[in-house]
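Enquirer: Here it is, the structure in full.
The values are calculated or read from the model by the stated rules, or taken from the named source; none is laboratory data. What you are looking at is a predicted structure, and each value in this text was computed from that prediction instead of being measured. Here the Cβ positions follow ideal geometry from the backbone for every residue, glycine too, while neighbour counts run over all protein chains shown.
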Amino acid sequence: MFNSSPKEGTTYSLACLGLEGHVEASLKSLLGILRNKTSGSWQHSEDINSDVIVYNPASPLALAMLRRESKPKASGRAAHIFIPCSSEDPGADGLTLPLRADRLLHCLQVATVQLSAAMTTIGVSKHASLCERLDALMQTRDVIAVSITVGNKTGLINPTRQMIHWPRSLEADGIAQLIMEDVTLQPLFAADLEKLRHMEQEMHERMPWDAVMWAIGVSTSQARLLPRLDLRKSYKLKRWPDFGPIGRRSSDIKCTALLTHKSLTPPELAAATGFSEARISGFLNACALCGFLEEAQPMSRTNLANNHMNSETSIAGGMLQRIRKALALGAN
Amino acid sequence: MPAQELKLLFAGPMGAGKTTAIRTISDIAPVSTEAANIDKAQHGKAETTVGLDYGETLLEGGERLRLYGLPGQTRFEFMWKIVMKGALGMILLLDNSRDDPVAQMEIYLDAFEELARSSSMVIGVGRSAEGSTRIHDYTQKLQARGLCLPVFAVDVRKRDDVLLLLEALLQQIEAYETI
């Protein structure tokens, strides 16, 4: 499964909002039928703060909650997962009436993945990867910089300027130390401005953050997508990254070339490239950390499949393959 | 993509490493037209390419990937347009130790706009540790021009670095073809 697997024994709660009684009863019944088919364990709940809310899009309360959830969370807390449910087609992310087991199973699987990743980052921070911890801090409202300490060196990450301040030039060895050793992160807020300026003055090297963020993304993601990335959303890249000394992998080059030209969901990118979900997760996390991953309109699966096929079988594709073969390209 | 000659271009200012890059991956001894450099203001090297450099890589089935190195001096710009016709793509090499290498990149982006717009161009920056220009500065300039091209710090004396540029170029072309 894409993304992090839920810990064994994890139970998630699901509540209904604005649905008619018989629909709610049908949902509870289906949850029972699907008990052994889902990755996590699911329980129906009356609690409006449940992990997942299946809601009627015509319900004003549900819409109000959705609006509230869509606002950025200062605490970085994981949002609820909202699943629309109506007799009219609510789209790929929703349930259509009458309810179907296969559709519900799909929605639960997607929700499980998102909740699991969110809990890993926010709720059990000691288990969160460096990539997740750093991203959570940078996404936290009012954080103006993040101090990063490894060994006896402390640096600064400035998300606004996308720069890194470090006591001395940060080459491959320094980056390797960052991704291999215990790293302490500390957020700095507006109230810490004086401290921030003092730290900046003490650090002689100031460099664009691409190479460092890229290395952290591809190397410390622990094979799971960042919680803020969504399996169902399509993403595109605004530009090529500076891979720096660590990230010059054929897989990254291939994924970057694809995503600078078209928008794909994470599973579509994995399918189009043939790379493992773990590798795709690391790649996307790195792009997200660097700040050039953007959400885009989803592309139809039909188009994607056709395009992928074309690249393999077209005259141009064949010619490029012959060049690759002659030069032994794309080995890693 | 229409059938075309398998032609790959290496461009860039004098001394950026075009001849070296071709030599690195050519299966034949490259044909060069070196002459004494009379333009020491542009670069201090003793000899430079005044015509074209030429190399070849043999492909399966006997086909050849033809490698052309374009002369770096802008007075040979008339040749650039001729050689560009039907090219599969271009590797643009820049020298970071020179004055304003980003401006030099722009000269080539203007001259080979068609290749740049069709994602058939990749940029290699030599001597990246020298000078104050960072890879980030090149990508920012590209973004400002609405271009999304790969830029790598490279040492074209290393075969792996030249292959990296080639791989990125081929992936770009393939991705562009599937839009």
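Enquirer: From the list A:Arg168, A:Arg232, which residue is part of a loop (DSSP other than H, G, I, E, B) and within 24 Å of the chain's Cα centre (by Cα)? Break it down stepwise before answering.
Expert: Values: A:Arg168 fails: within 24 Å of the chain's Cα centre (by Cα).
It is A:Arg232.
Enquirer: Now for a different question. Could you grab me the full set of residues in the range A:195-220 that are assigned to a loop (DSSP other than H, G, I, E, B) and modelled with pLDDT under 90?
Expert: As a first pass, look at the range A:195-220 and keep what is assigned to a loop (DSSP other than H, G, I, E, B): A:203-204, A:209, A:220.
Across the range A:195-220, the qualifying residues are A:Met203, A:His204, A:Thr220.
Enquirer: Which one is modelled with the lowest pLDDT, of the residues in the range B:59-85 that are in contact with a Lys or Arg (Cβ under 6 Å, 6 or more places away or on another chain) and either within 11 Å of chain A (Cβ to nearest Cβ) or over 19 Å from B:Arg23 (Cα atoms) (or both)? Give the derivation first.
Expert: Filtering the range B:59-85 for residues in contact with a Lys or Arg (Cβ under 6 Å, 6 or more places away or on another chain) gives B:59-60, B:66, B:69.
Next cut, either within 11 Å of chain A (Cβ to nearest Cβ) or over 19 Å from B:Arg23 (Cα atoms) (or both) only: B:59-60.
Working: B:Leu59: 88, B:Glu60: 84.
My answer is B:Glu60.
Enquirer: Let me ask something additional. Kindly check whether there is at least one residue in the range A:21-28 that is of a type in the set (Ser, Thr, Tyr), modelled with pLDDT under 85 and either assigned to a loop (DSSP other than H, G, I, E, B) or more than 26 Å from A:Pro267 (Cβ to Cβ) (or both).
Expert: From the range A:21-28, those of a type in the set (Ser, Thr, Tyr) are A:26; that's our starting set.
Next cut, modelled with pLDDT under 85 only: none.
Among the residues of the range A:21-28, not one is of a type in the set (Ser, Thr, Tyr), modelled with pLDDT under 85 and either assigned to a loop (DSSP other than H, G, I, E, B) or more than 26 Å from A:Pro267 (Cβ to Cβ) (or both), which makes the answer no.
Enquirer: State yes or no: is A:Arg322 part of a helix (DSSP H, G or I), facing chain B (nearest Cβ under 10 Å) and at pLDDT below 90?
Expert: Yes; evaluated as a whole, the condition is true for this residue.
Enquirer: Give A:Leu225, A:Leu237, A:Leu259, A:Leu264 a once-over and let me know the one that is closer than 16 Å to A:Leu284 by Cα, touching a Phe, Trp or Tyr at 6+ places or on another chain (Cβ under 8 Å) and touching a residue at least 60 places away in the same chain (Cβ under 8 Å).
Expert: Working: A:Leu237 fails: touching a residue at least 60 places away in the same chain (Cβ under 8 Å); A:Leu259 fails: touching a residue at least 60 places away in the same chain (Cβ under 8 Å); A:Leu264 fails: touching a residue at least 60 places away in the same chain (Cβ under 8 Å).
Only one candidate passes the filter, namely A:Leu225.
Enquirer: In the set B:Ala16, B:Ala11, B:Ala36, which member is out of contact with any Phe, Trp or Tyr (no Cβ under 8 Å at 6 or more places or on another chain) and modelled with pLDDT of 85 or more?
Expert: B:Ala16
Enquirer: I'd like the full set of residues that are within 14 Å of chain B (Cβ to nearest Cβ), within 28 Å of A:Met163 (Cβ to Cβ) and either over 18 Å from the mean Cα position of the chain (by Cα) or surrounded by 22 or more Cβ atoms within 10 Å (Cβ to Cβ) (or both), limited to the range A:262-291.
Expert: Within the range A:262-291, A:Phe283, A:Cys287, A:Cys290 qualify.
Enquirer: Restrict the check to the range A:281-294 and report whether at least one residue is under 14 Å from A:Ser234 (Cβ atoms) and either part of a strand (DSSP E or B) or free of Cβ contacts under 8 Å to residues at least 24 places away in the same chain (or both).
Expert: yes
Enquirer: Now a separate question. Take the residues in the range B:68-102 that are over 20 Å from B:Ser119 (Cβ atoms) and in a strand (DSSP E or B), then tell me which one is nearest to the chain's Cα centre (by Cα).
Expert: Residue satisfying both the conditions and the ranking: B:Gly69.
Enquirer: Sticking with this one: If you scan the range A:149-192, which residues turn out to be small (Gly, Ala, Ser) and exposed (fewer than 14 other Cβ atoms within 10 Å of the Cβ)?
Expert: Of the range A:149-192, the ones small (Gly, Ala, Ser) are A:151, A:155, A:169, A:172, A:174, A:176, A:190-191.
Across the range A:149-192, the qualifying residues are A:Gly151, A:Ser169, A:Ala172, A:Ala190, A:Ala191.
Enquirer: Consider the range B:126-174. How many of its residues are in a helix (DSSP H, G or I), free of Cβ contacts under 8 Å to residues at least 60 places away in the same chain and among the β-branched types (Val, Ile, Thr)?
Expert: Going through the range B:126-174 one residue at a time, the tally reaches 2.
Enquirer: Have a look at A:Leu14, A:Leu99, A:Leu104 and point out the one that is assigned to a loop (DSSP other than H, G, I, E, B), at pLDDT 85 or above and either among the hydrophobic types (A, V, I, L, M, F, W, C) or within 25 Å of the chain's Cα centre (by Cα) (or both).
Expert: Working: A:Leu14 fails: assigned to a loop (DSSP other than H, G, I, E, B); A:Leu104 fails: assigned to a loop (DSSP other than H, G, I, E, B).
From the options A:Leu14, A:Leu99, A:Leu104, the qualifying one is A:Leu99.
Enquirer: Turning to a different aspect of this structure: Among the residues of the range B:121-154, write down those that are buried (at least 18 other Cβ atoms within 10 Å of the Cβ) and more than 11 Å from every other protein chain (Cβ to nearest Cβ).
Expert: Matches in the range B:121-154: B:Met121, B:Gly124, B:Gly126, B:Arg127, B:Thr133.
Enquirer: What number of residues in the range A:193-215 are surrounded by 14 or more Cβ atoms within 10 Å (Cβ to Cβ) and out of contact with any strand residue (DSSP E or B) (no Cβ under 7 Å at 6 or more places or on another chain)?
Expert: 5
Enquirer: With within 14 Å of chain B (Cβ to nearest Cβ) and under 16 Å from the mean Cα position of the chain (by Cα) as the only criterion, which of A:Leu225, A:Leu259 stands out? Walk me through how you get there before you give the answer.
Expert: Details: A:Leu225 fails: within 14 Å of chain B (Cβ to nearest Cβ).
Just one listed residue meets the conditions, A:Leu259.
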